[in-house]
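The values are calculated or read from the model by the stated rules, or taken from the named source; none is laboratory data. Here the structure is a predicted model, which is why all the values come from computation and not from measurement. Every residue, glycine among them, receives a Cβ derived from its backbone with ideal geometry; neighbour counts consider all protein chains shown. Each accessible area value is taken on the protein alone, full model and side chains, heavy atoms only, with ligands, DNA and RNA left out. Shrake-Rupley method; radii C 1.70, N 1.55, O 1.52, S 1.80 Å.
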Amino acid sequence: MPAREMYPAIEQFIDGRWVDGEAGTFENVLDPATAEVLATYPHISPGQLDRALDALSRSARSWRDTPPLDRSDIIRGAAQLLRERSEQIAFAVSREQGKPLHEARAEVHTSAEIIDWCAEEGRRTYGRIVPSSGDSRLMVTTEPVGPVAAFTPWNFPVLTVARKIAPALAAGCPLIVKASEETPAGAMAVVSAFADAGAPPGVVNLVFGVPAEISEYVLSSGIVRKVSLTGSVPVGRTLSRLAAEHDIRTTMELGGNAPVIVEPDIDVDEVALRCATSKFRNAGQVCNSPSRFFVHTAVHDRFVAAVQRFVRDIRVGAGTAEGTTMGPLANARRVDYVRKALADAVDRGAQIVCGGGIPEGPGNFVEPTVLTEVADVSTVFAEEIFGPVMPITRYHDLDDAITRANATTYGLASFVFTDSLAKAHRMARDLEAGMVGINTTVVSRAETPFGGIKASGHGFESGPEGVDVYLRRKAVLEHDPVAPGRGVSH
Ligand code: NAD
């Protein structure tokens with residue numbers, strides 16, 4: 001088998017060394033297209049977690065005191081290595097996660113771009129000097145928050161890990177990353193790039209095991225000062241509670257259920273194409289993906305017809321197969337969820353205009369599906385579907401559309417398509433989300449803060465804010481020294 005196509009042996013990275021887990025329990029990594037076992041590996045043991053935590057604790061001060069320019073060189077080096085290794089990494093990610101190769105390649109290159117951006121931003125973690133009287137100085141300094149525990153999901157095995165490691169290292173914090181056990185090769189590739197670029201032993205650690213046991217152990221250790229999770233709302237609540245018990249800061253990048261409002265004053269065919277392209281990317285397993293489509297009744301039928309044409313051309317298959325444009329879902333439990341959500345939507349009056357089929361296995365395939373006349377209370381609308389299902393409803397009145405768009409516990413992203421500047425500005429203000437895309441479905445950029453409100457979480461990744469969440473402020477209030485003989489006499 002050519003080197004590019006070999007799925008790697010899975011190991012943990014502790015204190016600068018790749019090692020096998022030492023627990024008596026094991027994990028199988030499954031190919032979502034075939035259910036074939038790609039790798040079997042042992043979980044991390046408590047003793048190994050102790051070693052990783054010791055390494056983290058030991059490296060906190062030395063990494064903090066490493067000059068930002070030196071840190072920046074290492075971080076930029078990791079980005080370069082990811083680019084050089086992108087073909088091999090993309091292949092492993094496509095196999096373990098299911099996405100088409102071209103999407104996996106794009107994920108690696110986007111990750112490198114974010115890492116590069118953080119490398120530079122780490123050199124600008126300025127404090128400030130506050131005007132004061134002549135004999136005193138008031139300063140606000142920035143310091144790294146300290147050791148970080150990061151938890152990452154399976155939908156973007158490279159990007160989500162890169163978006164934890166790069167800003168934390170840029171701010172001067174060492175990390176322990178518990179990446180998804182289901183997609184470990186992507187995480188290993190990112191950690192390898194940082195290690196090979198010169199990150200000192202202990203500064204980055206990577207572990208796999210039983211998620212709840214690891215988070216409980218690591219957050220209770222007294223060593224970790226910050227936790228950052230990308231994952232589901234329930235796991236976010238669990239980790240937030242645990243962090244609160246141990247006075248640990250949190251960044252929670254949780255799920256979304258993004259509404260899209262399509263006004264009638266646009267090129268409907270083009271907008272439908274952009275919406276569908278974005279919706280079916282990564283088979284719909286994207287937290288900020290457009291999810292609930294509110295289309296003005298005047299353009300509704302044309303919008304649906306254009307989406308149908310797009311969906312007819314989607315080629316479903318294994319991510320690594322030539323010509324595939326949509327892969328399987330990453331795991332079997334997502335297929336069960338989508339099956340139930342489709343049945344619920346139909347029960348509540350939705351019409352399936354294309355797709356709807358879930359082939360017998362092996363493989364977690366779901367046909368790309370378009371639903372119309374979807375009731376707002378149905379699961380596909382009320383919950384995060386995280387699958388290749390595009391639910392569409394119509395509206396007559398923009399106020400009503402905004403109210404319905406905001407009627408969700410989530411608040412990650414919202415999207416608007418309109419030719420009216422006034423309406424665009426109004427919706428940017430009134431839509432309850434951390435990010436609003438106006439005439440675009442792209443809201444994730446290295447330069448801008450990515451984060452949600454309401455149940456979608458708090459804190460940021462990317463942008464200066466994405467580095468800032470790994471910093472704390474210290475007020476330093478300094479007066480001239482009291483030299484001998486110059487003190488106030490009583
Ligand atoms: P899940 O919540 O069971 O697992 C998500 C991830 O969290 C996994 O990688 C798992 O290892 C980790 N995890 C679970 N329990 C944990 C714990 N106690 N401590 C630390 N880590 C823990 O969900 P799932 O079935 O894998 O995915 C379904 C939902 O996850 C989706 O509906 C979606 O909302 C969410 N999700 C969100 C993102 C995102 O980018 N925000 C990514 C993937 C999944």
query: Which of the peptides 159-172, 81-94, 128-141, 281-294 is most tightly packed, and how do the rest follow, going by the mean number of other Cβ atoms within 10 Å of each residue?
result: 159-172, 281-294, 81-94, 128-141
task: Could you work out how far apart the two model spin labels at Arg241 and Arg64 are, taking each label as a point 7 Å from the Cα in the direction of the beta carbon, and quote it in nm?
output: 3.2
Residues listed by number, the stretch 166-183, amide nitrogen under 18 Å from Arg124 label point at 7 Å toward C-beta: 166-172
field: Label-point separation, Ala428 to Glu478 (7 Å along Cα→Cβ), nm
entry: 4.1
query: Taking the chain, how many lysine pairs are there with alpha carbons less than 20 Å apart, if each pair must be eight or more places apart or span two chains?
result: 6
message: Between helix 332-347 and the chain, what is the angle of the helix's C-alpha long axis to the longest principal axis, kept within 0 to 90° and rounded to the nearest 10?
response: 50
field: Calculated FRET efficiency for the pair Asp196/Thr440, C-beta based, R₀ 35 Å, to 0.05
entry: 0.45
- request: Could you bin all the Cα-Cα distances of the chain into 20 Å bins starting at 0 and give me the percent of pairs in each, rounded to whole numbers?
  value: 23, 52, 21, 3, 0
query: So, in Å, what gap is there between the alpha-carbon centers of the stretch 237-286 and the stretch 405-468?
result: 9
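I need the shape label for the stretch 1-124. Rule: rounded when a/c is under 1.5, else prolate if a/b > b/c, else oblate, with a, b, c from the alpha carbon gyration tensor. Write out the running numbers ahead of the final one.
Values: a/c = 2.85, a/b = 1.19, b/c = 2.39.
Here the stretch 1-124 falls in the oblate category.
Report the full-extension gain for the segment Asp135 to Arg312: residue separation times 0.36 nm, less the Cα-Cα distance, to one decimal in nm. Display every interim value, and only then the final one.
Details: separation 177, 0.36 × 177 = 63.72 nm, distance 7.43 nm.
Length gained between Asp135 and Arg312: 56.3 nm.
Rounded to two decimals, what is the ratio between the C-alpha radius of gyration of the stretch 177-242 and 2.2 N^0.38 Å? Please report the intermediate quantities before stating the final value.
Details: Rg = 12.9 Å, N = 66, 2.2 N^0.38 = 10.8 Å.
Ratio of Rg to 2.2 N^0.38 Å for the stretch 177-242: 1.19.
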task: Grab the beta carbon distance between Arg339 and Glu373, set R0 = 25 Å, and tell me the FRET efficiency rounded to 0.05.
output: 0.80
message: So if each residue of separation counts as 0.36 nm, and I subtract the Cα-Cα distance between Asn28 and Asp400, what length gain in nm does that give?
response: 129.1 nm
- prompt: Modelled label-to-label distance, Glu447 and Thr325, 7 Å Cα→beta-carbon offset: nm?
  reply: 3.0
- line: Rounded to the nearest 10 degrees, the helix 159-171 long axis (Cα) sits at an angle to the longest Cα principal axis of the chain of 20
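Based on the Cα coordinates of the stretch 383-490, what is the per residue volume of their convex hull in Å³?
On the way: hull volume 23.7 nm³, N = 108.
Cα-based convex hull of the stretch 383-490, divided per residue, equals 219 Å³.
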message: I'd like the accessible area for Glu120: 1.4 Å probe, protein heavy atoms, all chains in place, Å² to the nearest 10.
response: 50
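Using 0.36 nm times the number of residues separating Val37 and His102, minus their current alpha carbon distance, what extension gain do you get? Could you put the intermediate results ahead of the total?
Values: separation 65, 0.36 × 65 = 23.40 nm, distance 2.31 nm.
Full extension of this stretch gives 21.1 nm more.
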Förster-model FRET efficiency, 51 Å R0, Ala9 and Asp347, C-beta, rounded to 0.05: 0.65
